[in-house]
Amino acid sequence: MKVFVTGVAGQLGHDVMNELAKRGYEGIGSDIAPSYSGVQDESPVTTMPYVAMDITDKEAVQKTLTEIKPDVVVHCAAWTAVDLAEDEDKQAKVKAINVDGTANIASVCKELDAKMVYISTDYVFDGQGTEPWQPDCKDYKPLNVYGQTKLDGELAVSSTLDKYFIVRIAWVFGKNGKNFIKTMLNVAKTHDKLTVVSDQIGTPTYTYDLARLLVDMIETDKYGYYHATNEGGYISWFDFTKEIFRQAVAMGREEYSEDRVSVAPVTTAEYGVSKAKRPFNSRLDKSKLAENGFEPLPTWQDAVARYLKEIEF
């Protein structure tokens, strides 16, 4: 199986390439930079075939994919800076990447009869209520520009292709790039008091675990919409922070102990600052994974433990 992966300079693309290598599949990585520009961690992605491609350039996408003829495209590339997406001078670019770029890839996948995996987000919903969102729910009401463009990307895929996996994830962390865990660990080095939002509820997603699931998926023809985050229950960002620090202390990092760093819960309204509206309810129902024979991800607590051993902090 030949698999073309976009966005390999990001958290998920990096891990998907390494998972493909682990299983002996032919993986070709792609991003906008002239050569691989992700973390130089000596993992397989750093030496696997790489093609520079701008997904917003329709002709370039057509030419590149037609020459490579992949069996599957795993589309991880996206504009993910949620607050910046609200800036009027950025919105055309956000749309070009998340909507037009996705549509460009989907149309070539159709020509090649290739499977496509599109990574989406809980932000396609309005984040109200307390019930977990179902993967086949069509009650879309994005709260922000990023969410709207990711929804429009979903619709571009589902209206073009039959052989697609649309996988919604949330609260992502991985080795290759910025994320909430790294931010919290860094902020605690210079602040002894932190306030963290406690009224936004969801579940984290470790890209290493998600990559395994995505490769499991492309080995099948069980197409459709899925939700995929780690198991382990629904939590707030405040709960997440407390567990990150607890595990850091368990690894011997006393500087993260409660007597050195205090973490206080605040509401979204009290916290203020963000330009983009955030969903309060990011609970995603993942039961469709097991129903279709896919192995769910490990617990997020277990994922944090493994992740902290992987990174330097």
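The values are calculated or read from the model by the stated rules, or taken from the named source; none is laboratory data. Treat the numbers as computed from the prediction; the structure is a model and nothing was measured. No Cβ is skipped: glycine too gets one built from the backbone with ideal geometry, and neighbour counts run over all protein chains shown. Note: areas computed on protein heavy atoms with side chains; ligands, DNA, RNA excluded. Shrake-Rupley method; radii C 1.70, N 1.55, O 1.52, S 1.80 Å.
The one condition from (1) under 17 Å from Pro70 (Cα atoms); (2) within 20 Å of the chain's Cα centre (by Cα) that Tyr36 does not meet is (1). If I filter segment 194-242 down to residues being under 13 Å from Trp300 (Cα atoms) and part of a strand (DSSP E or B), which single residue comes out as most open to solvent (accessible area, probe 1.4 Å)? Here the residue is Glu231.
Give me the residue from segment 96-114 that is open to solvent by less than 10 Å² (accessible area, probe 1.4 Å) and not small (Gly, Ala, Ser) and, out of that set, farthest from the chain's Cα centre (by Cα).
If we filter segment 96-114 for residues that are open to solvent by less than 10 Å² (accessible area, probe 1.4 Å), which is where we start, we get 98, 101-102, 105-106, 108-109, 114.
When the remaining residues are screened for being not small (Gly, Ala, Ser), the result is 98, 102, 105, 108-109.
Values: Asn98: 13, Thr102: 15, Ile105: 18, Val108: 23, Cys109: 21 Å.
Top of the filtered list is Val108.
Per the listing Lys141, Lys93, Lys63, Lys58, the residue uniquely over 21 Å from the mean Cα position of the chain (by Cα), surrounded by fewer than 16 Cβ atoms within 10 Å (Cβ to Cβ) and of a type in the set (Lys, Arg) is Lys63.
At least 2 residues being under 23 Å from Ser120 (Cβ atoms) and touching a residue at least 12 places away in the same chain (Cβ under 8 Å) is the threshold, and among the strands (runs of 3 or more DSSP E) wholly inside segment 24-76 those reaching it are 26-31, 72-75. A search for C-beta distances below 7 Å between a residue of segment 83-97 that is more than 17 Å from Gly153 (Cα to Cα) and any residue that is charged (D, E, K, R), counting only pairs 6+ apart in sequence or on different chains, returns Asp83/Lys275; Leu84/Lys90; Glu86/Lys275. Listed by first and then second residue, the pairs linking a residue in segment 112-135 that is more than 16 Å from Asn281 (Cβ to Cβ) to a residue that is assigned to a loop (DSSP other than H, G, I, E, B) and of a type in the set (Asp, Glu), with Cβ atoms under 7 Å apart and 6 or more places separating them unless they lie on different chains, are Ala114/Asp71; Lys115/Asp71. The residue pairs whose first member lies in segment 138-162 and is over 22 Å from Lys115 (Cβ atoms) and outside any loop (DSSP other than H, G, I, E, B), whose second member is acidic (Asp, Glu) and at pLDDT below 95, and whose beta carbons are closer than 8 Å, counting only pairs six or more residues apart or on different chains, do not exist in this structure. The one condition from (1) open to solvent by less than 40 Å² (accessible area, probe 1.4 Å); (2) touching a residue at least 12 places away in the same chain (Cβ under 8 Å); (3) over 17 Å from the mean Cα position of the chain (by Cα) that Val16 does not meet is (3). Within segment 148-167, the set of residues being open to solvent by less than 40 Å² (accessible area, probe 1.4 Å) and of a type in the set (D, E, K, R) comprises Lys150, Glu154. Figure legend. Inter-residue proximity from segment 179-204: first residues at pLDDT 95 or above, second residues among the small types (Gly, Ala, Ser), beta-carbon distance below 6 Å, spacing 6+ or different chains. Indicated pairs: Lys193/Ser262; Thr195/Ala264; Ser198/Ser236; Ile201/Ser236; Gly202/Ala170; Gly202/Ser282.
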